[in-house]
Structures are given as C-alpha cells and as structure tokens.
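Enquirer: Provided herewith is a single structure, encoded as structure tokens, for subsequent inquiry.
The values are calculated or read from the model by the stated rules, or taken from the named source; none is laboratory data. Everything quoted here is computed from the prediction, not taken from an experiment. Don't worry about glycine lacking a Cβ; one is built from the backbone with ideal geometry, like all the others, and counts go over all protein chains shown. The protein model used for the area step is the full one, side chains on, heavy atoms only, and it has no ligands, DNA or RNA in it. Shrake-Rupley method; radii C 1.70, N 1.55, O 1.52, S 1.80 Å.
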Amino acid sequence: MCADFESLVAKCVREQKAISVYRDVKPLSADWHAKRVAHFVLNDWDGTIEVDIGVPSLRAYSDWPVQDGNHRLAAAIFKGTKKVPIAFSGSIAYAEKIFGKAFTRQLEIQNAQLDATRN
C-alpha cells in the first residue's frame, strides 16, 4: 500500500469518515477509496475475497487478480491481518509457483474446512 494512501486511510479511520455502501460513482477519487477502506478497517466483514490468477498454461490470464474485495483486502493489509479468507480461482500449479507451497497448503486446509461444514 502506498504511503500517501495509507496516511489518507489512517486519517479517515481517525475521523470516522467511512463509506459503507458501494455506489457506482465515476470517477472514484483516492479520498473515496480511502473512505471505503476505512469502513472495512472500522467494521468486520463476512465472506471471502475473490481471487482469480488465471490459467497461464491455457493462455487464460487475469489482468487484475482480485475480482471482488479490493477494499477489504486493503483494509486487511492496513490492519496487519495475517490471514484473509479467499475464494480462489485459477491454476493451483501457477499459484504455487508465484505464492509458494504454504499458500497452496493453506488452500487445501481451507477447502477441507469448508467441506466439513457442508456435511
């Protein structure tokens, strides 16, 4: 996270200026994004962050891997959160190559936990 944006988020958190509902307003300013991130810093959220890294071996690429949850991910980084639940799409082999074996092992654990709750 860029230092200028991080300080803007910190200011929004300090002043309790947050945007809780997404509105499709164009163009979106850095201030708007900071207030949206501040909302998730100040409030927990349910659900997962959707990540799709594509399947490069099939020439399927993802230009922006975080499909849903950019502001939640920024809030988690701001707060120093160590683990964030994600819904992952794409090549596991490619994920292991760019994120390491620990990442794919964590995905296996998360999927096993989800399967256990469904049964």
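Enquirer: Please list, ordered by first then second residue, the pairs with beta carbon atoms under 8 Å, 6 or more apart or interchain, first in the stretch 98-116 and over 13 Å from residue 83 (Cα atoms), second part of a helix (DSSP H, G or I).
Expert: These pairs meet every condition: 104/92; 104/95; 104/96.
Enquirer: Yes or no: residue 63 in a loop (DSSP other than H, G, I, E, B), farther than 25 Å from residue 113 by Cα and either at pLDDT 90 or above or over 14 Å from the mean Cα position of the chain (by Cα) (or both)?
Expert: yes
Enquirer: Please verify whether the stretch 14-36 includes one or more residues that are in a helix (DSSP H, G or I) and open to solvent by 70 Å² or more (accessible area, probe 1.4 Å).
Expert: Yes, there is a match, as at least one residue in the stretch 14-36 is in a helix (DSSP H, G or I) and open to solvent by 70 Å² or more (accessible area, probe 1.4 Å).
Enquirer: Considering only residues that are in a helix (DSSP H, G or I) and either under 15 Å from the mean Cα position of the chain (by Cα) or among the hydroxyl-bearing types (Ser, Thr, Tyr) (or both), which ones fall in the stretch 37-60?
Expert: Answer for the stretch 37-60, where residues must be in a helix (DSSP H, G or I) and either under 15 Å from the mean Cα position of the chain (by Cα) or among the hydroxyl-bearing types (Ser, Thr, Tyr) (or both): 37, 38, 39, 40, 41, 57.
Enquirer: For the stretch 81-92, check the following and say yes or no: at least one residue is more than 19 Å from residue 5 (Cα to Cα), of a type in the set (Val, Ile, Thr) and open to solvent by 70 Å² or more (accessible area, probe 1.4 Å).
Expert: Yes: one or more hits.
Enquirer: Among the listed residues 76, 87, which satisfies the condition of being closer than 24 Å to residue 104 by Cα, in a strand (DSSP E or B) and out of contact with any helix residue (DSSP H, G or I) (no Cβ under 7 Å at 6 or more places or on another chain)?
Expert: The conditions single out 87.
Enquirer: Which residue is nearest to residue 10 (Cα to Cα), if the candidates are limited to the stretch 93-119 and must be modelled with pLDDT of 85 or more and open to solvent by 90 Å² or more (accessible area, probe 1.4 Å)?
Expert: Per the criteria, the residue is 99.
Enquirer: Of all residues in the stretch 49-69, count the ones that are of a type in the set (S, T, N, Q) and surrounded by 15 or more Cβ atoms within 10 Å (Cβ to Cβ).
Expert: Final tally of qualifying residues: 1.
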